[in-house]
Amino acid sequence: MQNDFLSAKKQLPFLGVGLGLRTELAESIFAETTAIDFLEIIPEQYMGKGGESRERLEKACSLYQAVSHGVNLSLGSTDELDWSYLRTLKQFVNDIRAPWFSDHVCFASLGQVYLHELLPVPFNRTTIEHMTRRIKQVKAYMELPFIIENTTYYMNVPGSAMSEAQFLSELLEQADCGLLLDINNVYVNCINHGLDPYGFLDQLPLERTVQIHMAGHKQSGDIVLDTHGSSIADPVYDLLRYALGKPGVKVHAISIERDQNQPAFTELKEELAAIKSIYKNATSAALSVKKAGA
């Protein structure tokens, strides 16, 4: 079993609790540097752009450590990797001095046309082999720690022969990369598909978790939708506590994704503070256990 990533993970900085940079929130983000530890930036919104976008990016990076969270890599696609995109992405992550970069376990393009959706892949070993090759190519080119995010899916994809947890576990191990664990996505998928979210977390190699996403969702009839447009629900906070309390889990960053229905910034500050408290308590508990066993 490969463990190069786990060795590299030990050298990564601990960034704390942060927020996704969104245009509507920018002025509040620039004014609230005591509430926010770092920023997560979607590179496609800034790569190759000038004017106000460039000014916003430069100001953000002058105030905060930033990480890159992409949406167009399309790791599950049968298209060839977009090397022009990767060249621009590599320049971007170097410019913002990101300690790692991330993208999703999905496909987002077909016939070299971006679909503007993060679509699920079949959970089977053929997909694992395909995505492992692509992840290794991306890692070798980017020369920076790479972490992949679990996404939501609302139907069982034809061709699936294993559970999502089994698929993610094998993919992470074979590709030897890190995990961006989206806690809300775990909750949404498990509720929609009749699974136990705590049991789901138990099956993952959580020691590979570098970053965690927190977000809101809404109930629509019998389905829970991942909207990034509402406050974080209590069951999602509970899952965060559980994940952080697992043995061997050392998370380097937690960030909130809020993409629509932006609230008063005081609400986001309250969520940031709540997450910081959970994070601090989990870290303190882990240190106490370590000292007791020393």
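A few points about this structure:
- Test: Asp226 is of a type in the set (Asp, Glu), at pLDDT below 95 and more than 16 Å from Val17 (Cβ to Cβ): yes
- For segment 243-277, the set of residues classified as part of a helix (DSSP H, G or I), surrounded by fewer than 20 Cβ atoms within 10 Å (Cβ to Cβ) and touching a helix residue (DSSP H, G or I) at 6+ places or on another chain (Cβ under 6 Å) consists of Phe265 only.
- Only a single item in (1) touching a strand residue (DSSP E or B) at 6+ places or on another chain (Cβ under 9 Å); (2) in a loop (DSSP other than H, G, I, E, B) is not met by Ser231, and it is number (1).
- Unmet requirement for His116, which otherwise passes all of (1) surrounded by fewer than 20 Cβ atoms within 10 Å (Cβ to Cβ); (2) part of a loop (DSSP other than H, G, I, E, B); (3) on the phi > 0 side of the Ramachandran plot; (4) of a type outside the set (Phe, Trp, Tyr): (2)
- Val121 crowded, with 20+ Cβ neighbours inside 10 Å, in a loop (DSSP other than H, G, I, E, B) and more than 15 Å from the chain's Cα centre (by Cα): yes
- For segment 68-79, the criterion of being over 21 Å from Thr151 (Cα atoms) and either without any contact (Cβ under 8 Å) to a residue 40 or more places away in the chain or small (Gly, Ala, Ser) (or both) is met by no residue.
- Considering segment 129-159, and only residues there that are part of a loop (DSSP other than H, G, I, E, B), surrounded by fewer than 17 Cβ atoms within 10 Å (Cβ to Cβ) and not aliphatic (A, V, I, L, M), the residue that is modelled with the lowest pLDDT turns out to be Asn156.
The values are calculated or read from the model by the stated rules, or taken from the named source; none is laboratory data. Values in this document were obtained by computation on a predicted structure and should not be read as measured data. Glycine also receives a Cβ, built like all others from the backbone with ideal geometry; neighbour counts cover every protein chain displayed.
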